[in-house]
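Structure first, then comments.
The values are calculated or read from the model by the stated rules, or taken from the named source; none is laboratory data. For clarity, every value in this text was computed on a predicted model and none was experimentally measured. Here Cβ is always computed from backbone atoms with ideal geometry, including for glycine, and neighbour counts include all displayed protein chains.
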Amino acid sequence: MTTDQTAINLIKVDSLEARGIVKRFPGVLANDHIDFEVHAGEVHSLLGENGAGKSTLMKILYGMYQPDEGEILVNGKVVRIRSPLDAMSHGIGMVHQHFMLVPTLTVTENIALGLPSSRKVLLDLDVVARRIEELAAIYHLQINPKAPVWQLSVGEQQRVEILKVLYRGASVLILDEPTAVLTPQEVDGLFKTLHKMVAQGHALVFISHKLWEVMALSNRVTVLHTGRMVGELPIEEADERKLASMMVGRDFLMRVDHPEVEMGEVHLELKGIRALGESGLESLKGVDLRIRSGEILGLAGVSGNGQRDLAEVIAGLRPPTAGEVFMEGVDVTGWTPAKLLEHGLSYIPEARMVDGTVGDFSVSENLIMKDHTYPPYADGIFMNFKNIAKESKRLVETFDIKTPSIATPIKNLSGGNIQKLILAREISRGPRVLVAAQPTRGLDIRATEYVRRRITEQREKGVTTLLISEDLDEILSLSDRIAVIFEGEIMGVVDRDDATFENLGLMMGGRKMETEE
């Protein structure tokens, strides 16, 4: 079968266009009058930080969300895309960052899933397998159609996802952060496939926050920032510095009061930390950091570059595969969370409802969770309920936690009040080292200001603080020094006064800086 014969099932799309797209969620304007288009035979990249609105826009084009305003045009005609099935009928396919495959089924079964059989009531898996082999040969997506998905590498599973949309006739492919979980070798292979697809006449939308990938792959690039379109330009007019400036925003960021504090000795030190992520791939690749008492070190980076894994290594929740963690000069590598707590570590996790609290437990139970076996909460083997109630009420009042009572289940509180409770529990323990991961994510302005002020107060008390945040405003406002992490490596560490949009943006996009720790 020839290439032309193989491609006959493609639904030809010369252009896909979004005009004036607006999408609102409660409290968030995710897309604010965005215009975007892609044509056959090109790669149009969508660049921006986490939360810029990239995925929301693409989910609208794929029918997963409906726009509040605006219109979508295919080949110059306005269409209504109500579902992914509608999108596929218009030749639009999407390869999601998180694969949507059934691990126990084979490659062929996954691709055939949900499609009618050419033999009606009888299965036609042999026909599907032959078609997969033909497509794989054309696009250099080598795969064994008979292999169970659970036996495949991450890169091979991604090939299955691409083949799945090609099999259904898509000529426009939306690729949402397709390199996020790939090894460098797998990224090289993917790029060769994408170049081949463009040569075959496909239109590709490539979503990324990695500057070098955008420069290497794109014909055009559109940059989003906080839901708005910053600009669109041909790749010939782009460079990493210009894209970095557009990506992180041009507006001056206001900084909160940052009084001089006398810093002491290094109280938290990481030496050569390596660790594996949830996917089994290496997520931390030799992290070195040193933080002094009275210092806030901000760790910036786009989501998914190893921030959570690093916090969990320090907190004793994830074992490092190499390297050492020191607290106040003591090697605490491999210590249990309980032992680290006793040594003076407090941890504010990013997933407050998963790792920070127990939803069905009361406010008071969550407040004493880490210290319930010690006075004043316990007398020997017995709980001191009088002291528990007294201390819980004090913390609720001190930290302005809005709750009907201390007996209220924590799941009934707002996100801001849950975060205040976690902050109250961790700070009231009198920590010497504080790890705060995404402490204001999802909070309103008032709760955000409160949490930031409390973290700054710890600095004035001499606490060593590692602040992990994707909010550059927060990082620049609170930090004494700023480190940037990219794909599990520290790209550089800069003093607060030396931090600029340009150098932070470049490091967030994968450019290593010659900086001194």
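Looking at VAL494, VAL484, which is the one that is in a strand (DSSP E or B) and without any contact (Cβ under 8 Å) to a residue 24 or more places away in the chain? Of VAL494, VAL484, the one residue that is in a strand (DSSP E or B) and without any contact (Cβ under 8 Å) to a residue 24 or more places away in the chain is VAL494.
Note on the stretch 117-155: among residues that are more than 23 Å from HIS202 (Cα to Cα) and hydroxyl-bearing (Ser, Thr, Tyr), the one that is farthest from the chain's Cα centre (by Cα) is SER118. All conditions but one from (1) under 19 Å from ILE468 (Cβ atoms); (2) surrounded by fewer than 22 Cβ atoms within 10 Å (Cβ to Cβ) apply to VAL302; the one that does not is (2).
Looking at this structure, is VAL160 out of contact with any Ser or Thr (no Cβ under 9 Å at 6 or more places or on another chain), more than 23 Å from SER208 (Cα to Cα) and of a type in the set (Val, Ile, Thr)? The answer is no for VAL160. Criterion applied to LEU243, LEU175, LEU194 was being in the same structural domain as LYS54 (by TED's automatic domain parsing), modelled with pLDDT of 85 or more and assigned to a strand (DSSP E or B), and the one residue passing it is LEU175.
In the set ARG441, ARG454, ARG429, ARG481, only one residue is modelled with pLDDT under 90, farther than 21 Å from THR398 by Cβ, assigned by TED's automatic domain parsing to the domain that holds SER362 and not β-branched (Val, Ile, Thr); that residue is ARG441. Taken over the stretch 403-433, the criterion of being farther than 26 Å from GLU342 by Cβ and in contact with a Ser or Thr (Cβ under 7 Å, 6 or more places away or on another chain) is satisfied by ALA407, THR408, PRO409, LEU413, ASN417. Given the structure, is ASP86 outside the structural domain of GLY304 (by TED's automatic domain parsing), at pLDDT 95 or above and over 30 Å from PRO148 (Cβ atoms)? Here the answer is no, as ASP86 does not meet what is asked. The residue that is surrounded by the most Cβ atoms within 10 Å (Cβ to Cβ), counting only those in the stretch 23-51 that are under 19 Å from the mean Cα position of the chain (by Cα) and over 18 Å from GLU69 (Cα atoms), is LEU46. May I ask you to list pairs of residues, at least six apart or on different chains, whose Cβ atoms are under 8 Å apart, with the first in the stretch 132-146 being without any contact (Cβ under 8 Å) to a residue 40 or more places away in the chain and the second being of a type in the set (A, V, I, L, M, F, W, C) and not in a helix (DSSP H, G or I)? If the second residue must be of a type in the set (A, V, I, L, M, F, W, C) and not in a helix (DSSP H, G or I), the pairs left are ILE132/ILE143; ALA136/ILE143; ILE143/LEU152. Exactly one residue out of ALA437, ALA424 is over 23 Å from the mean Cα position of the chain (by Cα) and either closer than 17 Å to LEU270 by Cα or aliphatic (A, V, I, L, M) (or both), and it is ALA424. Within the stretch 292-315, the residues that satisfy the criterion of being part of a loop (DSSP other than H, G, I, E, B) and farther than 16 Å from PRO431 by Cα are GLY301, VAL302, SER303, GLY304, ASN305, GLY306.
Got a sec? Which of VAL205, VAL230 is part of a strand (DSSP E or B) and at pLDDT 95 or above? Selected residue: VAL205, the only one of VAL205, VAL230 that is part of a strand (DSSP E or B) and at pLDDT 95 or above. Exactly one residue out of VAL38, VAL79 is β-branched (Val, Ile, Thr), closer than 18 Å to LEU224 by Cα and at pLDDT 95 or above: that is VAL38.
Residues that are assigned to a strand (DSSP E or B), touching a Ser or Thr at 6+ places or on another chain (Cβ under 7 Å) and in contact (Cβ under 8 Å) with a residue 12 or more places away in the chain: does the stretch 444-461 have at least one? No, the stretch 444-461 contains no residue that is assigned to a strand (DSSP E or B), touching a Ser or Thr at 6+ places or on another chain (Cβ under 7 Å) and in contact (Cβ under 8 Å) with a residue 12 or more places away in the chain. Being at pLDDT below 90 and part of a helix (DSSP H, G or I): is that true of ALA136 here? It is true that ALA136 is at pLDDT below 90 and part of a helix (DSSP H, G or I). Restricting attention to the stretch 373-390, which residues are surrounded by 13 or more Cβ atoms within 10 Å (Cβ to Cβ) and at pLDDT below 90? PRO376, TYR377, ALA378, MET383, ASN384, ASN387, ILE388, listed by residue number. Can you say whether ILE81 is among the β-branched types (Val, Ile, Thr), within 21 Å of PHE206 (Cβ to Cβ) and not in a strand (DSSP E or B), as far as the supplied structure shows? Here the answer is yes, as ILE81 does meet what is asked. Kindly indicate whether PRO103 is assigned by TED's automatic domain parsing to the domain that holds LEU224, surrounded by fewer than 14 Cβ atoms within 10 Å (Cβ to Cβ) and assigned to a loop (DSSP other than H, G, I, E, B). For PRO103, the condition - assigned by TED's automatic domain parsing to the domain that holds LEU224, surrounded by fewer than 14 Cβ atoms within 10 Å (Cβ to Cβ) and assigned to a loop (DSSP other than H, G, I, E, B) - is met. Scanning the stretch 339-355 for residues that are among the small types (Gly, Ala, Ser) and modelled with pLDDT of 85 or more, we see that the one that is farthest from MET327 (Cα to Cα) is SER346.
One residue alone among GLU365, GLU350 is in the same structural domain as ILE427 (by TED's automatic domain parsing) and under 30 Å from MET263 (Cα atoms), and that residue is GLU350. If you filter the stretch 213-226 down to residues that are assigned to a loop (DSSP other than H, G, I, E, B) and modelled with pLDDT of 90 or more, you find that the one that is nearest to ASP471 (Cα to Cα) is SER218. How many residues does the stretch 54-97 hold that are over 23 Å from the mean Cα position of the chain (by Cα) and surrounded by 15 or more Cβ atoms within 10 Å (Cβ to Cβ)? Residues flagged as over 23 Å from the mean Cα position of the chain (by Cα) and surrounded by 15 or more Cβ atoms within 10 Å (Cβ to Cβ) within the stretch 54-97 amount to 13. Step by step: first the residues of the stretch 277-302, then only those that are within 14 Å of ARG318 (Cβ to Cβ) and touching a helix residue (DSSP H, G or I) at 6+ places or on another chain (Cβ under 8 Å), then the one that is modelled with the lowest pLDDT. Which residue is that? It comes out as SER279.
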